[in-house]
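The numbers here are math on the coordinates, done by the rules we state, and not lab data. The shown structure was predicted, so the numbers you read here are calculated from the model rather than taken from an experiment. Glycine also receives a Cβ, built like all others from the backbone with ideal geometry; neighbour counts cover every protein chain displayed.
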Amino acid sequence: MEKKDLALNKKILEYLVTIGIQPKLSGFEYLRLAIKLVMQNKNYLANITKMLYPEIAELSGTRTACVERSIRHAIEVSYNCNGLLGLNDIYGFVIYNGKRKPTNGELIALLTEKLEIEMTKSGT
């Protein structure tokens, strides 16, 4: 694995744990894959149900509906424990107030955007 891939994987892990997504949940792995795929191709964000979920399902040997549901469940668990407030720590300012649970696409977009900024800053 390249140094860039290792740094990206480490950052994704750090962000998911910071927002309370538990690694034992299958949604954790699907979110990790989703973020990596979106970083490679922004078109996935505009076509989450038609492109992103099917790609993750194929890579993971599961069904598209399982991917969507598992990501939603991971977000729900984090939301119920106020873990999503960790988004404010990641961004360094209040970006999330805890009043509404973000959609799968919103969370993927927020984390991807921040990762791209971080990776550009660090030169990896």
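Has region 39-50 got at least one residue that is under 19 Å from Ser78 (Cβ atoms) and exposed (fewer than 15 other Cβ atoms within 10 Å of the Cβ)?
From region 39-50, those under 19 Å from Ser78 (Cβ atoms) are 48; that's our starting set.
From what is left, the residues that are exposed (fewer than 15 other Cβ atoms within 10 Å of the Cβ) are none.
So far as region 39-50 goes, no, none of its residues is under 19 Å from Ser78 (Cβ atoms) and exposed (fewer than 15 other Cβ atoms within 10 Å of the Cβ).
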Within region 1-45, restricting attention to residues that are within 11 Å of the chain's Cα centre (by Cα) and not in a helix (DSSP H, G or I), which residue is nearest to Val94 (Cα to Cα)? Ile19
Looking only at residues in region 66-124 that are among the hydrophobic types (A, V, I, L, M, F, W, C) and outside any helix (DSSP H, G or I), which one is surrounded by the fewest Cβ atoms within 10 Å (Cβ to Cβ)? Phe93
Per-region count, region 68-124, residues more than 21 Å from Lys50 (Cα to Cα), in contact with a helix residue (DSSP H, G or I) (Cβ under 9 Å, 6 or more places away or on another chain) and touching a residue at least 40 places away in the same chain (Cβ under 8 Å): 15
